[in-house]
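Structure first, commentary second.
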Amino acid sequence: MARLAEGDAAPDFTLPDDAGNKVSLRDFRGQKVVLYAYPAAMTPGCTTQACDFRDSLDSLNAAGITVLGLSPDSPSKLAKFRERDALTFPLLSDEDHAVLTAYGAYGSKLLYGKTVVGVIRSTFVIDEEGQIEKAMYSVKATGHVAKLRRELGV
């Protein structure tokens, strides 16, 4: 599995969001984007992380940063997640794992001591020109957003 590094071109994509609208990375050129990949909507860790992004969204947006969540969940499950937790940023559905794979966020990982294949919790900061500014793999659900904000000076 290839991982992205600083300076790499961010793989472009067009995916459905939780409302079924098509969202393309190229639509955000000229803006800094935080794309975070998470394993499954409505699970405890993923909920904690999503709510941390929600609670930090005003300060991230004020710094010119757009947040996009990415998971293999269906748009309908993502819609339930958005509604249940009052999430206020786009949740993108990658049911065939193509985008997750392109970002190096899908593959073998350790889960409770066993090797499994799945989503590797990851965060990517994509600059205004579509280049990877930061690629962080195997991040923790708890405390990650605060750490990211410190690194971005937000």
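The values are calculated or read from the model by the stated rules, or taken from the named source; none is laboratory data. Because the structure is predicted, anything quoted here is derived from the model rather than measured. Every residue, glycine among them, receives a Cβ derived from its backbone with ideal geometry; neighbour counts consider all protein chains shown.
Taking the range 36-153 as the region of interest, the helices (runs of 4 or more DSSP H) fully inside it that hold 2 or more residues being under 11 Å from the mean Cα position of the chain (by Cα) and over 19 Å from Phe13 (Cβ atoms) are 44-62.
If you check Ala86, Ala135, Ala105, which single one turns out to be loosely packed, with under 15 Cβ neighbours inside 10 Å, small (Gly, Ala, Ser), under 21 Å from Phe53 (Cα atoms) and in contact (Cβ under 8 Å) with a residue 12 or more places away in the chain?
When all the criteria are applied, what remains is Ala86.
Restricting attention to the range 13-58 and to residues that are surrounded by fewer than 12 Cβ atoms within 10 Å (Cβ to Cβ) and touching a strand residue (DSSP E or B) at 6+ places or on another chain (Cβ under 8 Å), the residue that is nearest to Ser122 (Cα to Cα) turns out to be Ser24.
Inclusion of Phe89 among residues that are closer than 17 Å to Ala41 by Cβ and aromatic (Phe, Trp, Tyr) is warranted. Take Pro75 and decide whether it is closer than 21 Å to Met42 by Cα, surrounded by 15 or more Cβ atoms within 10 Å (Cβ to Cβ), modelled with pLDDT of 95 or more and in contact with a Pro (Cβ under 6 Å, 6 or more places away or on another chain). Spelling it out, Pro75 is indeed closer than 21 Å to Met42 by Cα, surrounded by 15 or more Cβ atoms within 10 Å (Cβ to Cβ), modelled with pLDDT of 95 or more and in contact with a Pro (Cβ under 6 Å, 6 or more places away or on another chain).
So that you can scan it fast, the table gives a plain yes or no per residue for (1) hydrophobic (A, V, I, L, M, F, W, C); (2) at pLDDT 95 or above; (3) touching a Pro at 6+ places or on another chain (Cβ under 8 Å):
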| site | (1), (2), (3) |
| --- | --- |
| Ala2 | yes, no, no |
| Gly7 | no, yes, no |
| Gly20 | no, no, yes |
| Ala50 | yes, yes, no |
| Leu60 | yes, yes, no |
| Ala86 | yes, yes, no |
| Gly104 | no, yes, no |
| Ser108 | no, no, no |
